[in-house]
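Here's the structure we're looking at; comments come further down.
Where a number appears in this text, it was derived from the coordinates with a stated rule and is not lab data. This one's a predicted model, so the numbers in the text were calculated from it and none came from an experiment. Counting neighbours? That spans all protein chains shown, and the Cβs are built from the backbone with ideal geometry, glycine included.
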Amino acid sequence: MAVKRYAAVDQQNAAFGFHPLHYVCDTTAELPSSGLKLGDTALTKDTNAQYKAASATTWVSVLSASSATPFSKSVTFSDVTTVSPATVVVWQAPYACTLTAMKGYRVGGTGATVNAYRNTTPTNVRSSNLSITSAATWMDGGALQNTAFAVGDSLLFGLVTVTGSVTQVTIQLNFTRP
């Protein structure tokens, strides 16, 4: 049996990227290996030749093979004279996602250190603070830890220290989600 694909609108519009799509196929091997999005569903035949929902583990492995959607979250600490160290809560994850990069940027002064945290009982995303040693240059945060964010996790940004008359510090985290 060929895979049948049904869109909420119609088959013709499915080619234009409308989701959710619903797949009906004889085996999970017939499921598409890419292009699936959150909310798509699949039915496959079980051993009794009855259609049933594809198993969650199969669906997740197929879904994760498709490209992840990148996004970022950032905060800017700014003051006309000099910024002060602070930690602020900026976001609560409405979906599971994975942290992929941390960047820092500084205007003025001679240095700043920053970090980001998952949850209000802080779990650092870097083992040590990111030192922003060069002004007007995006600094890469390097190796990260605690990168898996679950639904409901909080994201906090921390301006830990400043040296000199730093007037602006931006921290950006890049994420992906299925």
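Note on ASP79, ASP153: ascending count of other Cβ atoms within 10 Å places them as ASP79, ASP153, the fewest first.
If you filter segment 74-178 for trypsin sites (Lys or Arg not before Pro), then keep DSSP loop positions with at most 16 other Cβ within 10 Å, what is left? Please list the in-between numbers first.
Details: sites: LYS103, ARG106, ARG118, ARG126; in loops: ARG126.
Hits after loop and neighbour filter: nothing returned.
Enclosing the Cα atoms of segment 73-128 in their convex hull gives a volume equal to 107 cubic angstrom per residue. Here's how it looks for ASP153: its modeled amide H is under 5 Å from those of ALA93, which are all 5 or more places away or on a different chain.
Three principal axis extents describe the C-alpha atoms of segment 69-177; from largest down they are 38, 23, 22 Å. The H on the amide N of GLY164, modeled in the peptide plane, is under 5 Å from the matching H of THR110, each at least 5 residues off or on a different chain. The phi-based Karplus calculation (6.51 cos²θ - 1.76 cosθ + 1.60; θ = phi - 60°) puts the 3J(HN,Hα) values of segment 159-164 at 8, 7, 9, 9, 10, x Hz, whole numbers, x for Gly and Pro.
Between THR163 and VAL90, the FRET efficiency estimated from the beta carbon spacing at R0 = 30 angstrom works out to 0.80. For the pair THR120 and THR98, the difference between a 0.36 nm per residue extended length and the Cα-Cα distance amounts to 6.1 nm.
In this simple spin-label approximation, SER78 and SER131 carry label points 7 Å from Cα along the Cα→Cβ vector, and these lie 2.8 nm apart.
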